[in-house]
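Structure, as structure tokens:
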Amino acid sequence: MNNVAFALLLTLFAGLATTIGSAISFFAKENKESFLSISLGFSAGVMIYVSMIEIFNKAVDSMSGVYGEKTAYVYATIAFFVGVLIIMLIDKLVPDSINPHEPKEMLYECESSLTELECQQLQEEAKNNDELMKTGLFSAIAVAIHNFPEGIATFASALVDPNLGITVAIAVAIHNMPEGIAVSVPIYYATGDKKKAFIYSALSGITEPIGALAAYVVLLQVMNEAILGFLFAGVAGIMVFISLDELLPTAEKYGQHHHAIFGVFAGMLVMAISLVLLS
């Protein structure tokens, strides 16, 4: 039971690291769009790099002992694109009224004292805030989905070897910080409410210990290396889709092209260095 409690605490620490990224984002000056663009690009870079370099390879490694390396790679590839199809289907089934990808008219009525130009500016600002809020919420859902199997992996690692569990938890925590930025920055810019942005980033990370609890209660009874590999590969596909379909277009919209691209490669570089140091 002591090992179980320790493993759960590690996953809680790793999951709530999203709030550290959220807190960091609040140091940016309000309405500084270049920071928003770089932050979203940074988060996309982290998610793409982690998905393609680490999570996908973990999936292959997990399944190699069961199916052999070549077959494991084929299955991981299939699972990756199944993950992409799942998140595409979710995106398609979400009603247009709450889907951040679907254009819609803003129902914003201007006061009679405003000029037509002032009215148009207010309508555009309301539209941008609406899109930012939905970007933040969609990012929170994406982070929550991918944190669930990470919680399982962290929990299982800590049960097998506490030292390994600490290493995995630190690596996951580093991953989660920019993800907290991806969730909180759009919500903060849309609402101006730091508390709301912080809460949503915390909620996106709390699925990590929930995944650990699920592993303890249910999944440890049926979990094996093959299932874990399929989960990781599917999650990688989901993260790449979210990065390319949501984070990068939004980053481009709120800053210059080079701001977004700089953020992408900065995120990749930071994640690459962290993985080398923790390997």
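The values are calculated or read from the model by the stated rules, or taken from the named source; none is laboratory data. In this text, all values refer to a predicted model and were calculated from it rather than measured experimentally. Here the Cβ is made from the backbone with ideal geometry for all residues, glycine too, and neighbour counts use every protein chain on show.
Does Ser274 meet the test of being closer than 22 Å to Met88 by Cα, touching a helix residue (DSSP H, G or I) at 6+ places or on another chain (Cβ under 7 Å) and assigned to a helix (DSSP H, G or I)?
On the way: closer than 22 Å to Met88 by Cα: no; touching a helix residue (DSSP H, G or I) at 6+ places or on another chain (Cβ under 7 Å): yes; assigned to a helix (DSSP H, G or I): yes.
Spelling it out, it is not the case that Ser274 is closer than 22 Å to Met88 by Cα, touching a helix residue (DSSP H, G or I) at 6+ places or on another chain (Cβ under 7 Å) and assigned to a helix (DSSP H, G or I).
Kindly indicate whether any position in segment 24-34 is in a helix (DSSP H, G or I), at pLDDT 80 or above and surrounded by 14 or more Cβ atoms within 10 Å (Cβ to Cβ).
no
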